[in-house]
Every structure is written in structure tokens, then in C-alpha cells.
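Enquirer: Below are the C-alpha cells for one structure; questions will follow.
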Amino acid sequence: MTDALAPGSVIGILGGGQLGRMLAQAGARLGFDIHIFDTAANGPAARVAARSWAAPWADDGAVQTFAAKCDVLTFEFENIPASALAAAESAAPVRPGRKSLELTQDRLIEKRFIREAGCSTVDFAEVNCIDDLEAAAAELGRPAILKTRRFGYDGKGQAVIREDTDLSGAWAAIGEQPAILEAFAPFSRELSVVAARAENGEMAIYPLAENSHSGGILRVSRAPAIVSKDIETRAIEIARAIGDGLDHIGVFAVELFDVAGELIINEIAPRVHNTGHWTMDACTCSQFENHIRAVAGWPLGATRPHSACEMTNLIGDDVAPWHALASESDACLHLYGKREARPGRKMGHINRLSKLSG
Ligand code: AMP
């Protein structure tokens with residue numbers, strides 16, 4: 001696909017959560033019809049889309065029928081099963097491509113790729129059995145973090161190995177699945193860089209965000225992060241190395257640890273990212289619009305911020321005072337239309353804007 005898709009074309013999104021919803025809203029604004037494929041009917045994205053389809057990922061025929069109605073396909077989460085991806089690819093181009101998914105679905109493959117791309121990771125070791133875990137813990141020291149290679153998100157599939165942690169308990173806690181043990185990064189802060197890459201390799205890179213997590217879940221992102229020129233330059237180099245290495249088309253995010261001024265990559269998300277939600281209200285063109293632009297072959301939009309922003313996730317009952325949140329000035333409230341506020345569930349976010357400093 002080298003020509004730009006005309007408005008009125010159909011963009012299909014695999015996955016129907018809040019990221020799909022915000023992609024659908026951005027795509028609709030540019031005149032596209034957005035179709036959603038999800039395993040559940042009436043999810044956050046389906047309710048704002050032109051058309052939606054609900055079927056299991058294992059139903060290759062349904063994925064293919066959906067894809068055949070679309071001019072281009074994209075995805076809002078990276079754990080798309082290989083068979084569904086193959087079914088989708090047989091009917092329409094998928095942007096970003098297979099390489100972005102395959103290199104980021106598995107933490108071990110991802111970390112090797114990051115190092116080959118000339119970037120840093122924490123020290124790590126492959127763990128396939130309890131003996132591997134014992135050897136890895138002896139080599140990397142404690143604390144360390146045991147993570148399943150696949151299907152982990154928001155801190156799930158992880159166990160912290162402290163001085164007094166029983167290793168067989170930790171191995172059982174992650175379900176005795178193929179894993180990696182990571183050395184603990186003594187970071188002073190967590191940062192992330194979000195960027196869009198076009199098919200011709202052109203990139204639009206947003207300023208860094210500084211992120212705080214608790215319980216493995218992102219709580220707050222502040223952007224643009226206050227960083228030295230060196231860190232800013234290094235983050236841009238990292239975004240280029242990763243984007244080019246993946247041959248990525250669309251938005252991706254790189255989560256970083258700042259360890260005494262050195263940027264160490266925690267992980268790559270081959271999609272729009274929670275730490276880029278601030279761009280919706282503080283930048284000329286949001287991450288969602290830039291993703292749609294990239295997959296549709298349009299020129300990328302400006303990533304320049306016109307405001308500073310503090311993005312706060314509304315998790316579980318945080319959303320209950322929606323009325324008070326809606327009455328704040330200089331704040332933009334985004335609610336995802338989820339019917340039930342379960343603990344740990346991302347229900348929405350609020351972007352609080354302020355003047356850019358400097
Ligand atoms: P992840 O699911 O890998 O993004 O991890 C979720 C959060 O756990 C990160 O944002 C960090 O706050 C923390 N974390 C993960 N890996 C490490 C590590 N190797 N060293 C220190 N903290 C970590």
C-alpha cells in the first residue's frame with residue numbers, strides 16, 4: 001500500500017478496548033469508516049465505530065470475512081494469536097506488520113532485539129524450569145523480577161524475587177511458564193517515548209513523558225518531562241533505532257528507566273500507549289490521529305505540544321466522582337464507556353493542562 005487511503009475508506013481495528021475506541025474516534029474525525037473486530041460485542045470501541053464484529057480469535061473465517069471488508073487493518077493490542085494474524089493478512093494489509101508483533105510478543109525475543117538495535121536493557125536470563133531460575137537468581141542477584149515471556153501486561157505474570165522469596169513459590173506463582181528473570185533496575189524515574197513511523201521511514205516523535213506506576217499499573221504521566229538535552233537526544237536515537245529495526249508503520253512506545261542518566265529500555269509496545277494519552281489534548285496531533293495517518297499512508301501530523309499536561313488514569317472507583325472531574329477547568333475528561341468499574345480496570349483518564357515551561 002503506497003498510495004494514501006482516501007477519506008471514506010475502511011480501517012479495521014483488531015481489538016475493541018479503550019485504545020481501539022480512541023483510534024476509532026480519531027479515524028472518524030479524518031473521514032474514515034472504522035470497523036472493529038473483538039471477542040466481545042458492545043465493547044468500548046464497538047460503541048463508537050461504524051461497524052463492529054464479535055467472534056473468537058480462533059474463528060479464522062470470521063477474522064478473514066472482517067478483514068475482507070477493510071482497506072487496511074491495524075490492532076490495538078499485541079497479543080493477537082498467530083492464526084488470527086495470518087487470517088487477517090490473507091485478506092488485507094496489516095499495519096504495523098508481523099515483525100512488530102513477533103518481536104514484542106515475547107519478552108526474551110524483544111530484549112535480544114533491543115540489544116541488537118544498539119540499545120540497553122537490564123541484565124536478564126532465560127528461565128524454563130526451576131533449575132534455570134535458581135541459576136539465574138544466583139547470577140543476577142536479588143532483588144530481581146521473574147516475568148512470563150508472553151501475555152503479560154500491567155504487571156500481570158510477574159513475581160518479584162526478594163531476599164526472602166522462595167523460588168519454587170515464585171515459579172508456581174507465574175504458572176511455571178517460559179519466563180525471563182530480569183535484574184532489578186535501580187531507576188530514579190520512569191520515562192517513555194511515543195513515536196509514529198510512516199511506511200517511508202519518516203518519523204514523528206513526541207516529547208518524553210515521565211510516568212508513575214503503582215501495583216504494576218500506570219497512574220500518572222507528566223509531559224513534556226523535564227530532561228537534559230542528552231536524555232532528549234538519546235530518547236530520539238532510541239525511538240529511531242527501534243522504529244527502523246521493527247520496520248514499523250504506525251505508533252509505538254518505548255518504556256524507559258532512567259538509571260543515573262542512562263536510558264535503559266524496559267519494554268516496547270507496538271501500538272498506541274497509555275503514556276501517550278496526554279497528546280490528545282496537549283499536542284497539535286494526538287498519538288491516535290498519528291497512528292491512523294501512518295496506517296492510511298497520510299502525512300504524519302505535528303507532535304509539538306502547545307501545553308504541558310498531567311494525565312491521570314481513572315482506575316476502578318476513581319471514576320465515581322465524574323461529575324466533579326467534569327467541572328474542573330483546564331482539564332479534559334475521557335471516559336471509556338465501560339459499564340462496570342472493577343478494581344484495577346481502566347475506566348477513563350483526565351488530562352489536566354497547564355502552561356508549557358521555558
Ligand atoms: P512491565 O509490565 O514490564 O512494564 O513492568 C511494570 C512495572 O514494574 C514497570 O513500569 C516498573 O515500574 C516495574 N519494573 C518492571 N521491570 C523492572 C525491573 N527490571 N527493574 C525495576 N522495576 C521494574
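The values are calculated or read from the model by the stated rules, or taken from the named source; none is laboratory data. Since this is a predicted model, take the numbers as computed values, not measurements. FYI the Cβ positions are ideal-geometry reconstructions off the backbone, even for glycines, and counts take in every protein chain you see. Accessible surface areas use protein heavy atoms only, side chains included; no ligands, DNA or RNA. Shrake-Rupley method; radii C 1.70, N 1.55, O 1.52, S 1.80 Å.
Enquirer: At 20 angstrom or more along the helix axis (alpha-carbon based) and mean Kyte-Doolittle of -0.5 or higher, what helices does the chain contain? Whole DSSP H runs only.
Expert: Taking the DSSP H segments of the chain (at least 20 Å long, mean hydropathy at least -0.5), we get 229-246.
Enquirer: In Å and whole numbers, how far do the C-alpha atoms of the range 123-183 stretch along each principal axis, longest first?
Expert: Extents along the principal axes, in whole Å: 26, 22, 18.
Enquirer: Write down the radius of gyration of the range 242-294 and its Dmax, each obtained from C-alpha positions, in Å.
Expert: 12.3, 36
Enquirer: Sticking with this structure for a sec: If you take all C-alpha pairs in the chain, what percent of them are over 35 Å apart?
Expert: Across the chain, Cα pairs with separations above 35 Å total 22 percent.
Enquirer: Arranged from highest to lowest average of other beta-carbon atoms within 10 Å per residue, in what order do the peptides 5-18, 165-178 appear? Mind showing how you got there, number by number?
Expert: Working: 5-18: 20.1, 165-178: 14.9.
Going from most to least packed, we get 5-18, 165-178.
Enquirer: Further question: Normalized C-alpha radius of gyration of the range 81-188, against 2.2 N^0.38 Å?
Expert: 1.22
Enquirer: Leaving out ligands, DNA and RNA, and with a 1.4 Å probe, what % of the accessible surface on the chain is carbon or sulfur?
Expert: 49 percent
Enquirer: Can you list which of the trypsin sites (Lys or Arg not before Pro) found in the range 282-358 are DSSP loop residues with at most 13 other C-beta atoms within 10 Å?
Expert: Here the trypsin sites (Lys or Arg not before Pro) that fit, given the DSSP loop and packing criteria, are ARG339, LYS355.
Enquirer: Would you mind checking the radius of gyration and Dmax of the range 6-136 based on alpha-carbon positions, in Å?
Expert: Cα radius of gyration and Dmax of the range 6-136 are 17.6, 57 Å respectively.
Enquirer: Show the residues, 5+ positions off or on another chain, whose built amide H is closer than 5 Å to the amide H of ILE161.
Expert: It is ALA144, ILE145, LEU146, by chain and number.
Enquirer: A follow-up question, please. I need the phi-derived Karplus couplings for the range 47-58: 6.51 cos²θ - 1.76 cosθ + 1.60, θ = phi - 60°, integer Hz, Gly and Pro marked x.
Expert: 6, 10, 9, 5, 7, 9, 10, 10, 6, x, 4, 6
Enquirer: May I ask you to give the solvent-accessible area per residue for the chain, in square angstrom, as obtained with a 1.4 angstrom probe?
Expert: On the way: 14970 Å² over 358 residues.
About 42 Å² of surface per residue is accessible.
Enquirer: Go ahead and estimate [θ] at 222 nm for the chain from helices alone: -39,500 (n - 2.57) per DSSP H run with n ≥ 4, summed, over the residue count, rounded to 500.
Expert: -8000 deg cm²/dmol
Enquirer: Which of the listed residues, ASN79, VAL254, LEU335, is farthest toward the dipole's positive end in the chain, when Lys, Arg count +1 and Asp, Glu count -1 at the beta-carbon?
Expert: Of ASN79, VAL254, LEU335, it is LEU335.
Enquirer: Still on this structure: Straight-line reach from LYS229: which lysines have Cα under 24 Å away, leaving out those fewer than 8 places along the same chain?
Expert: Cα-Cα hits under 24 Å: LYS355.
Enquirer: How much of ASP132 can a 1.4 Å solvent probe reach, expressed as accessible area in Å² and rounded to 10?
Expert: Number for this one is 50 Å².
Enquirer: Amide H of CYS283 versus every other amide H placed in the peptide plane: which residues, excluding those fewer than 5 positions away on the same chain, fall under 5 Å?
Expert: Hits under the 5 Å cutoff: HIS306.
Enquirer: For the range 189-354, rounded, prolate or oblate, judged on the Cα gyration tensor with a ≥ b ≥ c (square roots of eigenvalues), a/c < 1.5 rounded, else prolate if a/b > b/c? Can you show the working numbers first?
Expert: On the way: a/c = 1.74, a/b = 1.45, b/c = 1.20.
Cα axes put the range 189-354 in the prolate bin.
Enquirer: Can you give the FRET efficiency to the nearest 0.05 for ARG115 and ASN42, using r as the Cβ-Cβ distance and R₀ = 25 Å?
Expert: It comes out at approximately 0.05.
Enquirer: Taking the Cα centroid of the range 58-129 and of the range 286-358, what is the distance between the two, rounded to the nearest whole Å?
Expert: 26 Å
Enquirer: Then there is this: Please work out the ratio of the alpha-carbon Rg of the range 96-144 to 2.2 N^0.38 Å and round it to two decimals.
Expert: Working: Rg = 13.1 Å, N = 49, 2.2 N^0.38 = 9.7 Å.
So the Cα radius of gyration is 1.35 times the expected 2.2 N^0.38 Å.
Enquirer: Follow-up. Tell me, what are the semi-axes, in whole angstrom and largest first, of the equivalent ellipsoid of the range 258-356 as set by the roots of 5 times the Cα gyration tensor eigenvalues?
Expert: With the √(5λ) rule applied to the range 258-356, the semi-axes are 25, 18, 17 Å.
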